[in-house]
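The values are calculated or read from the model by the stated rules, or taken from the named source; none is laboratory data. Predicted model, so just to flag it, every value in this text is computed and none were measured. So basically every Cβ, Gly included, is an ideal-geometry build from the backbone, and we count neighbours across all protein chains shown. Protein only, heavy atoms only, side chains kept; ligands, DNA and RNA dropped before computing areas. Shrake-Rupley method; radii C 1.70, N 1.55, O 1.52, S 1.80 Å.
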Amino acid sequence: MRRLAFLTALLLVAAACADDDGGGAGGGGQEATDVCNEDEFGCVEIPEGDPIVLGSLLAISGENASLGQDSQNGAVIATDTRNNEVAGHPITWEHQDDLCAPEGGQTGAQALAANDQVAAVIGTTCSSAGEPASQILSESGIVLISPSNTAPSLTDPETHQPFYLRTAHNDKIQGAAMGDFASSELGATTAATIHDGSPYAEGLANVFAENFQAAGGEVTAQEAVQVGDRDMRPVLTSIAADAPDLIYYPVFVAEGGAITSQAREISDLSDTELAGADGMLNPDWISASGERNAEGVYLSGPDLEFSGSFYEEEFLPAYQEEFGDTTSVFHAHAFDATNMVLDAIESVAITEDGTTFIPRTALKDELFSTSGYEGIIGELTCDENGDCNPEAAISVSVVENGEFERIWP
């Protein structure tokens, strides 16, 4: 009887150890094989000692590299602060370039989807890349969470892809804020818009126009250029015929620089205020415009006046030590997105005999269930369409002496 009692005790201890090793809230007590077989997209399987692979798909080359590199740096800082480890495994990155274009989003997403070890992807920088990337990765059951996609179409119920989320604001918020600023703060009664045909620029220009009109303003023109255009004079000359109080052109670095510099050459626009958005909110746009031409231009974007001390006292010093000064405004959004993914991995991972299994659908569901997450950028709660920053704060800056000075609110 004593021998039987001893063996029983050993079995109970072994069972407890097995439960601890199983660690997986995602498993719900099930065997990993069962969980993975039941998941439409299976599991990422990481042998003992092997790394968990995260992907990034951001604009890290070309004219808009300052936007994507800033986010990539923020994501890397997030893994650094966790000693590059999650769920008992080291973390490695596979970085792809979205080129701020549909082609880059497609090619980069295909490369990441081809690697069955990629657990989740931080990206894209540009909404134009996000549209094809979100479809390709969703079809592979890979979570894509963007720090800077803002086009309303990406989280519209009619077009949203099931594995796509974002910590960036929805441009329905930014467009409304800029419409309010133009009418209430600048006193503009007439405005024109220019977009470049991208989902980001066209969507934001349209939301601005709707809100400006709702505030009593008149939209005198809604013009379009093409990505890659450099001669903006025909469009600007057409707009100048009505001499609007404001031109709002939420485009990117090169096109924004061309519009800014050439608008300054047109005498009929001498009294017209110029305004852009977060696609131009970086030093490269000032260089593309010429510092003198950029002076006095207003730019809307996410408010970086974050509450709490972590951003100023810990995040920024770590960023600056490793990468130098920040170059755009979405590094904190990338930091929060990465930490949300890592927390979700730890929540759903199942470990058996040293091997870790990450069920792809469970990981997606865990992220979509995020509620009250305290990030740098504020409290994040994801809705069923992937918008995780419903209370995003938008601010407006103006260029003064070659620097962006936050002036509103």
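Just checking, how many residues over segment 330-343 are open to solvent by less than 10 Å² (accessible area, probe 1.4 Å) and in contact with a Phe, Trp or Tyr (Cβ under 9 Å, 6 or more places away or on another chain)?
Within segment 330-343, residues that are open to solvent by less than 10 Å² (accessible area, probe 1.4 Å) and in contact with a Phe, Trp or Tyr (Cβ under 9 Å, 6 or more places away or on another chain) number 4.
For the structure I just gave you, tell me whether residue 291 is more than 25 Å from the chain's Cα centre (by Cα) and farther than 25 Å from residue 203 by Cα.
yes
So if I check each of 99, 112, which one is open to solvent by 20 Å² or more (accessible area, probe 1.4 Å) and outside any strand (DSSP E or B)?
Exactly one residue qualifies, and that residue is 99.
Every residue, every condition in (1) outside any strand (DSSP E or B); (2) modelled with pLDDT of 95 or more; (3) open to solvent by less than 30 Å² (accessible area, probe 1.4 Å); (4) of a type in the set (D, E, K, R), yes or no:
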residue: 194; (1), (2), (3), (4): no, yes, yes, no
residue: 216; (1), (2), (3), (4): yes, yes, no, no
residue: 223; (1), (2), (3), (4): no, yes, no, yes
residue: 229; (1), (2), (3), (4): yes, yes, no, yes
residue: 242; (1), (2), (3), (4): yes, yes, no, yes
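Please go through segment 308-337 and pick out each residue that is part of a loop (DSSP other than H, G, I, E, B) and over 20 Å from the mean Cα position of the chain (by Cα).
Correct list: 308, 309, 324.
Give the residue that is surrounded by the fewest Cβ atoms within 10 Å (Cβ to Cβ), with candidates limited to residues of segment 131-142 that are part of a helix (DSSP H, G or I) and touching a residue at least 60 places away in the same chain (Cβ under 8 Å).
131
When segment 196-214 is examined, which residues are found to be in a helix (DSSP H, G or I) and either acidic (Asp, Glu) or more than 20 Å from residue 240 (Cα to Cα) (or both)?
199, 200, 201, 202, 203, 204, 207, 210, 211, 214
Considering only residues of segment 344-375 that are in a loop (DSSP other than H, G, I, E, B) and either of a type in the set (Phe, Trp, Tyr) or modelled with pLDDT under 95 (or both), which is most open to solvent (accessible area, probe 1.4 Å)?
Once the filter is applied, the top-ranked residue is 353.
When you look at residue 77, is it closer than 20 Å to residue 115 by Cβ and touching a residue at least 60 places away in the same chain (Cβ under 8 Å), yes or no?
no
So which residues in segment 167-192 are open to solvent by 10 Å² or more (accessible area, probe 1.4 Å), more than 25 Å from residue 156 (Cα to Cα) and part of a helix (DSSP H, G or I)?
The answer is 183, 184, 185.
Yes/no matrix, rows are residues, columns are (1) more than 30 Å from residue 50 (Cβ to Cβ); (2) in contact with a helix residue (DSSP H, G or I) (Cβ under 9 Å, 6 or more places away or on another chain):
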{"site": "366", "(1), (2)": "no, yes"}
{"site": "374", "(1), (2)": "yes, no"}
{"site": "382", "(1), (2)": "no, yes"}
{"site": "385", "(1), (2)": "yes, yes"}
{"site": "388", "(1), (2)": "no, yes"}
{"site": "392", "(1), (2)": "yes, yes"}
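Check 375, 402 and return the single one that is among the small types (Gly, Ala, Ser) and under 23 Å from the mean Cα position of the chain (by Cα).
Only one candidate qualifies: 375.
Tell me, yes or no, whether segment 143-158 has at least one residue that is touching a helix residue (DSSP H, G or I) at 6+ places or on another chain (Cβ under 8 Å), surrounded by fewer than 24 Cβ atoms within 10 Å (Cβ to Cβ) and not in a helix (DSSP H, G or I).
So far as segment 143-158 goes, no, none of its residues is touching a helix residue (DSSP H, G or I) at 6+ places or on another chain (Cβ under 8 Å), surrounded by fewer than 24 Cβ atoms within 10 Å (Cβ to Cβ) and not in a helix (DSSP H, G or I).
Can you find, within segment 244-278, the residue that is surrounded by the fewest Cβ atoms within 10 Å (Cβ to Cβ) among those that are in a helix (DSSP H, G or I) and touching a Gly at 6+ places or on another chain (Cβ under 7 Å)?
Only one residue fits best here, namely 261.
Kindly provide the set of residues from segment 42-57 that are under 17 Å from residue 112 (Cα atoms), in contact with a Ser or Thr (Cβ under 6 Å, 6 or more places away or on another chain) and surrounded by fewer than 18 Cβ atoms within 10 Å (Cβ to Cβ), ordered by number.
Hit for segment 42-57 is 51, nothing else.
Could you give every pair whose Cβ atoms fall below 7 Å, whose first residue belongs to segment 287-299 and is open to solvent by 30 Å² or more (accessible area, probe 1.4 Å), and whose second residue is part of a loop (DSSP other than H, G, I, E, B), counting only separations of at least 6 or pairs across chains?
291/402; 293/264
Looking at segment 196-209, which of the residues that are without any contact (Cβ under 8 Å) to a residue 60 or more places away in the chain and touching a helix residue (DSSP H, G or I) at 6+ places or on another chain (Cβ under 7 Å) is surrounded by the most Cβ atoms within 10 Å (Cβ to Cβ)?
208
Would you say residue 99 is in contact with a Lys or Arg (Cβ under 9 Å, 6 or more places away or on another chain), within 28 Å of residue 249 (Cα to Cα) and among the hydrophobic types (A, V, I, L, M, F, W, C)?
no
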